[in-house]
Amino acid sequence: MLLAIDTSAGSSVAVVTLGGEVLAERSSDDPMRHAEVIGTLVAGCLDDAGIEVAALTGLVAGMGPGPFTGLRIGIAAARSFGIGAGLPVHPVVSHDAIALDAYRSGSAAPDATLLVVTDARRRERYWTSYAGLDAAGLPVRVEGPALAKPDDLPTSESVRLDALVVPAGALGQVAAALLATDGEFAGEEPLYLRSPDVTMSAGTKRVTA
Amino acid sequence: MNRAEPLVLGIETSCDETGIGIVRGHHLLANTIASSMDEHARYGGVVPEVAARAHLEALEPTLTAALAEAGIALADLDAVAVTSGPGLSGALMVGVGAAKALAVSLGKPLYAVNHLVGHVGADVLDSEDGTIEYPTIALLVSGGHTSLLLVRDLVSDVELLGETIDDAAGEAFDKVARILGLPYPGGPQIDRAAVGGDPKTIRFPRGLSLPKDMERHRYDFSFSGLKTAVARWVEAKQDAGEPVPVADVAASFREAVVDVLVSKAVKACTELGVPRLLLGGGVIANARLREVAAERTAAAGIELRIPPLQLCTDNGAMIAALAAQLISAGHEPSSLGFGADSTLPVTEIQVH
Ligand SMILES: [Zn+2]
């Protein structure tokens, strides 16, 4: 049983079986209050699923892409929960969850090309393109995740999906399928896709005219 | 929950140190700190986003190292504690998210506490019997804060007497180091440069120390004017084509900072009839500050307490220690809904 956490857009937490069944999912679409809601979402989700921490076998962390401040909170939560419960953390590209959800729900046909778009703030978007589901039932990533101005987003995909929340249930399902097929998880680095805002000090300015 | 000697793990991420501390009552079991200071060096100061990214990276290894150092199992903990503020909000949020999930995973209560009061709480780890004598004045000086507190009771009555109205003292050291062409962090660099310098050569201004400032800013600090005065003095030398006596400038500047910090702290002790002064924060590493504080408190009959340096700089042990004191005093845990509060007032010792 997996506990999946994603704060790359809003905040979402789910309990998902290794067979891919979503037992509970709680989300908040507030893009600013990740730190406030994360504890209650996790505790509430375990309650909803009616399971003890001991029943879990792993954590799933949505690695973004996401605007930095919020994205980190879910990853930090997944990692520290993993330490507390003595469980591994499986990193997953957050857009994969949106894509899986779209294909499974029928928003995109199983063989359609799909463009997943999320808000990157500062008038920019994160995007990833997909080419349907593979034999394991996982979305096939073609390009991305990447960052672009709204006018520069790819247009050739047959379906475009702008998402506000990454469903943690689907994130857990991606991880369950990857575990079942020995697939490749995301890296350990959060997908900020932006360098930190820094202004290199330009030496000292004169104070006397 | 063991309220007599609670076993508490504290998480601190308010600035550039990722600190995990473990205490049992007032006994220190582990104090592990990872610092991102080196990553900030080329920017000449702490970059909030760089600090926050570093916290996420350091979290797991620091937590694991602290547990190994303390030799305890997470299941034995009575509670988890975390800094809720004040500090850099993005940095604080990493600790808050981690602490909440850790507490839920362990089914343990969570205490969200005040960073500045945590600095005062560090003192219980340095005392024989785990008690702090009250009341005490606390002078907390770092790159992020410069505050003077009146502590009547660690867990229930802390008052802010004054704080910096512009730069923190540590920031002033960084900025003046840059004026003198010295690298970051400025504190140790200024100290090194001041060796052999005469602190009386240049009389730099003491911020908010004039009689006219005393009404509104009696216990407040200001270092921005001092920094400008140093820059102006150095520029005048350079414009005149004369060499800048770096050792004298560094020593005179440091003397101005130390003088105003210690003067105001001792003044608070005397005026409020408090015979105790506690120092905390990273700038306490400055030997000249400790020296002047020791001289002047001794002369005024004030007892001076300075915890070991690793408990003065930002650390998780002080957060755990404060939470342990709250637990022993019967305070209930925080709810899971609190957030990071970058401007949390010192009167809010615990966030519910
Ligand atoms: Zn501090």
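The values are calculated or read from the model by the stated rules, or taken from the named source; none is laboratory data. Keep in mind that this is a model prediction, so the values were computed, not measured. Cβ sites come from the backbone with ideal geometry, for glycine too, and all protein chains shown count toward neighbours. We work out accessible area using only protein heavy atoms, side chains counted, and drop any ligands, DNA or RNA first. Shrake-Rupley method; radii C 1.70, N 1.55, O 1.52, S 1.80 Å.
Of the strands (runs of 3 or more DSSP E) that lie entirely inside segment B:82-177, those containing 1 or more residues that are among the hydroxyl-bearing types (S, T, Y) and more than 20 Å from B:C312 (Cα to Cα) span B:110-114.
For segment B:126-143, the count of residues that are more than 14 Å from chain A (Cβ to nearest Cβ), charged (D, E, K, R), without any contact (Cβ under 8 Å) to a residue 24 or more places away in the chain and under 30 Å from B:L304 (Cα atoms) is at least one. Checked against the criterion of being under 19 Å from B:A320 (Cα atoms), open to solvent by less than 20 Å² (accessible area, probe 1.4 Å) and acidic (D, E), the candidates B:D129, B:D123 yield just one match: B:D123.
The condition (being surrounded by 18 or more Cβ atoms within 10 Å (Cβ to Cβ) and away from every other protein chain (no Cβ under 14 Å)) is satisfied by just one residue among B:L336, B:L261, B:L344: B:L261. The set of residues in segment A:20-73 being in a strand (DSSP E or B) and among the hydroxyl-bearing types (S, T, Y) consists of A:S27, A:S28. Do we have A:V116 as open to solvent by less than 10 Å² (accessible area, probe 1.4 Å) and either away from chain B (no Cβ under 14 Å) or over 30 Å from B:V80 (Cα atoms) (or both) here? Criteria met by A:V116.
Applying the condition of being open to solvent by less than 50 Å² (accessible area, probe 1.4 Å) and more than 10 Å from chain A (Cβ to nearest Cβ) to segment B:30-45 and asking which residue is nearest to B:A4 (Cα to Cα) yields B:A30.
B:L278 falls short on exactly one of the conditions (1) touching a residue at least 60 places away in the same chain (Cβ under 8 Å); (2) more than 16 Å from the ligand (Cβ to nearest atom), and that condition is (2). Annotation: A:R72 fulfils all but one of (1) within 14 Å of chain B (Cβ to nearest Cβ); (2) open to solvent by 10 Å² or more (accessible area, probe 1.4 Å); (3) charged (D, E, K, R); the unmet one is (2). Can you find, within segment A:42-68, the residue that is surrounded by the fewest Cβ atoms within 10 Å (Cβ to Cβ) among those that are touching a residue at least 12 places away in the same chain (Cβ under 8 Å) and at the interface with chain B (Cβ under 8 Å from one of its Cβ atoms)? Looking at residues that are touching a residue at least 12 places away in the same chain (Cβ under 8 Å) and at the interface with chain B (Cβ under 8 Å from one of its Cβ atoms), I get A:V53. Tell me, please, whether a residue that is in contact with an Asp or Glu (Cβ under 7 Å, 6 or more places away or on another chain), crowded, with 24+ Cβ neighbours inside 10 Å and modelled with pLDDT of 95 or more can be found in segment B:149-157. Yes, that holds for at least one residue. Only one entry of B:T347, B:T343 meets the criterion of being closer than 16 Å to B:G121 by Cα and not in a helix (DSSP H, G or I), and that entry is B:T347.
Which ones in segment B:124-153 are away from the ligand (no atom under 16 Å from the Cβ) and farther than 28 Å from B:D259 by Cβ? Listed by number, the residues that qualify are B:V124, B:S127, B:E128, B:D129, B:G130, B:T131, B:D153. In the set (1) closer than 16 Å to A:L2 by Cα; (2) surrounded by 22 or more Cβ atoms within 10 Å (Cβ to Cβ), the condition left unmet by A:G39 is number (1). Being in contact with a His (Cβ under 9 Å, 6 or more places away or on another chain) and away from every other protein chain (no Cβ under 14 Å), is that true of even one residue in segment B:269-278? Scanning segment B:269-278, I find at least one residue that is in contact with a His (Cβ under 9 Å, 6 or more places away or on another chain) and away from every other protein chain (no Cβ under 14 Å), so the answer is yes. Summed over segment B:1-33, residues that are of a type outside the set (D, E) and either more than 16 Å from the ligand (Cβ to nearest atom) or modelled with pLDDT under 95 (or both) total 18. Note on segment A:27-36: residues that are within 21 Å of B:P333 (Cα to Cα) and either more than 10 Å from chain B (Cβ to nearest Cβ) or open to solvent by less than 20 Å² (accessible area, probe 1.4 Å) (or both) amount to 2.
Here is the figure for segment A:121-158: residues that are closer than 30 Å to A:G20 by Cα, surrounded by fewer than 16 Cβ atoms within 10 Å (Cβ to Cβ) and among the acidic types (D, E) total 2.
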